[in-house]
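Everything on this sheet refers to the single structure shown next.
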Amino acid sequence: EELQDRRGEGRWPRNEGTMERLFGRLAASHPAGAWLAEADGSTIAFGIAVERERLWFLAFLFVQPAFQAAGLGRRLLERTFPAGGPDAWRARGGVLATCVEAIQPISTGLYARYGLVPRVPVHLVTGMPRPGALAPLPDALEAAAFETLEAAGEGIVLADALDELDLGAVGHRRPVDHRDDRAEGRRGWLYRHRRSGAVIGYGYAQPSGRLGPVVVRDGAMLEGVVAHLMTTVQPAG
């Protein structure tokens, strides 16, 4: 918020309950990657990283403004790294990654010292969709809610499909994240061909209106999947 105020951008709405649960579930899934820095009994900085098979991902690294530019962020970052450090992790075939806002060049420079450099832009897109703006899901495909599949005894089929899609998209499985996303209120959908049953992707929609993650085997199917997801939730406000 201090950075947003300084740039005159206006603050994003707070979502404290959701954030607290997110901190808790990430720290629980990888306790060795969660660290606090304290001064006089108050928290002044924190860092949280998670490990998913071959992926190490820095989820959060924040330092109170009054304690910045003193090396605290670097010290926290190094504590969140995998056992043996970044080089040893890469030598074992691991990948290190994070997301950083373009308005934070200091953070970007810090991460670059350890070989984490900007490669792929990530855009935050907001607004109300116009009816008919996106091509609908093709008739040859069906959207099956996760809970419907499980109720029909297809829970193992669903889990296997999600593992396969995640392996193809990001190189590792994410069962703990699927579990926690659903516990947080995201509703998942599996997309497959009606006749053959071949799975082409999955997607999530949240009550807030946020969509994702979405994974599809064929990029040509993405528009129809997103169009369907937009119909599954009516965000408040």
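The values are calculated or read from the model by the stated rules, or taken from the named source; none is laboratory data. Computed from a prediction, not measured in an experiment: that's the story for all the values here. All Cβ positions, even for glycine, are placed from backbone atoms using ideal geometry, and neighbour counts span all protein chains on display. Accessible surface areas use protein heavy atoms only, side chains included; no ligands, DNA or RNA. Shrake-Rupley method; radii C 1.70, N 1.55, O 1.52, S 1.80 Å.
Annotations for the structure displayed:
- The test for being in contact with a helix residue (DSSP H, G or I) (Cβ under 7 Å, 6 or more places away or on another chain) and closer than 27 Å to V95 by Cβ holds for G203.
- Looking across segment 148-166, the residues that are open to solvent by 70 Å² or more (accessible area, probe 1.4 Å) and either of a type in the set (S, T, Y) or within 23 Å of the chain's Cα centre (by Cα) (or both) come down to T148, D160, E164.
- Of everything in segment 73-87 that is out of contact with any Ser or Thr (no Cβ under 8 Å at 6 or more places or on another chain) and open to solvent by less than 30 Å² (accessible area, probe 1.4 Å), the residue that is farthest from C99 (Cα to Cα) is G85.
- When R182 is tested against (1) open to solvent by 40 Å² or more (accessible area, probe 1.4 Å); (2) free of Cβ contacts under 8 Å to residues at least 60 places away in the same chain; (3) under 30 Å from I103 (Cβ atoms), only condition (3) is not met.
- 2 or more residues without any contact (Cβ under 8 Å) to a residue 40 or more places away in the chain and closer than 30 Å to V216 by Cβ: qualifying helices (runs of 4 or more DSSP H) within segment 28-142: 86-91
- Some residue of segment 193-211 being open to solvent by 30 Å² or more (accessible area, probe 1.4 Å), under 20 Å from the mean Cα position of the chain (by Cα), within 27 Å of R14 (Cβ to Cβ) and among the hydrophobic types (A, V, I, L, M, F, W, C): yes
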